[in-house]
Amino acid sequence: GNSVTQMEGPVTLSEEAFLTINCTYTATGYPSLFWYVQYPGEGLQLLLKATKADDKGSNKGFEATYRKETTSFHLEKGSVQVSDSAVYFCALSASGAGSYQLTFGKGTKLSVIP
Amino acid sequence: GAVVSQHPSRVICKSGTSVKIECRSLDFQATTMFWYRQFPKKSLMLMATSNEGSKATYEQGVEKDKFLINHASLTLSTLTVTSAHPEDSSFYICSASVGGGRGGYTFGSGTRLTVV
């Protein structure tokens with residue numbers, strides 16, 4: 001079956017530090033890959049996505065590249081801000097039971113301190 | 001962009017009562033909606049896939065009679081937690097695929113259910 005493994009947190013960084021959150025996946029076929037962000041008490045928001053190998057998703061300074069050879073989709077940001085504090089979920093979308101379903105990683109909580 | 005409106009955002013109910021959570025797609029037609037449950041400090045667990053006009057497909061271990069899902073129109077799906085108990089307290093989130101599953105998903109803002 002499909003699965004997503006992401007690094008466990010929590011991750012605590014100082015403002016302007018470099019961020020990497022690792023994500024690897026297992027899937028049949030050619031999944032789409034996503035990063036979602038969840039701020040405290042809120043639902044999920046799509047941060048970025050990539051639909052095929054070597055695609056790079058980017059948004060708000062975050063980037064992730066779809067690496068088929070390593071089955072990875074690591075999230076990076078060059079300089080984090082306090083406002084980036086949230087839980088980040090890596091996810092994949094692949095066909096299952098006749099419809100595309102999202103499979104999530106367990107989430108990584110990021111805390112950025114001034 | 002595509003927006004899913006989920007209500008209520010918070011609800012407190014007594015044990016034994018039922019609670020209905022609504023998700024509406026505001027500017028697109030959601031043929032398929034997904035219902036998730038999120039436990040504290042855990043990832044999202046897919047509960048069921050809701051297809052308009054047909055019965056929902058439940059994931060293994062999810063009680064169909066307890067979590068009733070109705071998707072009667074292309075813009076509305078509801079989740080009813082029947083005879084709620086404290087262990088049902090959780091954060092419930094709906095989502096809808098946009099442009100097919102490969103294009104992405106839009107999520108509701110979630111419902112915090114507390115059963116006392």
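The values are calculated or read from the model by the stated rules, or taken from the named source; none is laboratory data. Since the structure is predicted, the reported quantities are computational estimates derived from the model, not experimental observations. Don't worry about glycine lacking a Cβ; one is built from the backbone with ideal geometry, like all the others, and counts go over all protein chains shown. These area figures cover heavy atoms from the full protein model, side chains too; ligands, DNA and RNA do not enter into them. Shrake-Rupley method; radii C 1.70, N 1.55, O 1.52, S 1.80 Å.
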**Message:** What are the ³J(HN,Hα) couplings of the range B:19-27, residue after residue, when phi is run through the Karplus curve with 6.51, -1.76, 1.60 and θ = phi - 60°? Round to Hz, x for glycine and proline.
**Reply:** 10, 10, 10, 10, 10, 10, 8, 8, 9
**Request:** Pop out the ³J(HN,Hα) list for the range B:59-74 in order, Karplus 6.51 cos²θ - 1.76 cosθ + 1.60 with θ = phi - 60°, rounded to Hz; leave Gly and Pro as x.
**Result:** 6, 4, x, 9, 6, 5, 6, 8, 10, 8, 10, 10, 9, 7, 9, 6
**Asked** In square angstrom, what is the accessible area per residue of the range A:1-110 with a 1.4 angstrom probe?
**Response** 47
**Request:** Report the relative contact order of chain A, percent, no decimals, based on alpha-carbon pairs under 8 angstrom and at least 6 residues apart.
**Result:** 36
**Asked** In chain B, what cysteines have no partner Cβ closer than 4.7 Å?
**Response** B:CYS13
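At 1.4 Å probe size, with the rest of the protein present, what percent of the exposed accessible area of chain B is carbon and sulfur atoms? Numbers along the way, then the final one.
On the way: 2890 of 5580 Å².
Whole-percent figure for carbon plus sulfur exposure: 52.
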**Prompt:** Quick one: net charge of A:THR26's neighbours, Cβ under 15 Å, K/R +1, D/E -1?
**Reply:** +2
**Request:** Mind checking the range A:31-87 for GluC sites (Glu not before Pro) that DSSP puts in a loop (not H, G, I, E or B) and that have at most 10 other Cβ atoms within 10 Å?
**Result:** A:GLU69
**Request:** Would you mind giving the total buried accessible surface between chains A and B, with a 1.4 Å probe and ligands, DNA and RNA left out, rounded to the nearest 100 Å²?
**Result:** 1600
**Fill in**
Taking a probe of 1.4 Å and leaving out DNA, RNA and ligands, the range B:6-99 shows per residue an accessible area in Å² of 51
**Message:** Tell me which of B:THR111, B:TYR58, B:VAL19 sits at the most positive position along the dipole axis of the range B:16-116, charges placed on C-beta atoms (Lys, Arg +1; Asp, Glu -1).
**Reply:** B:THR111
**Asked** Using 0.36 nm per residue, how much length does the chain from B:THR31 to B:SER73 gain when fully extended, once their Cα-Cα distance is taken away?
**Response** 14.3 nm
**Long-range amide H partners of A:ALA17 with built H, under 5 Å** = A:VAL80
**Fill in**
Partner aspartates and glutamates whose C-alpha sits under 18 Å from that of A:LYS68, ignoring same-chain residues fewer than 8 away, are A:ASP54, A:ASP55, A:GLU76
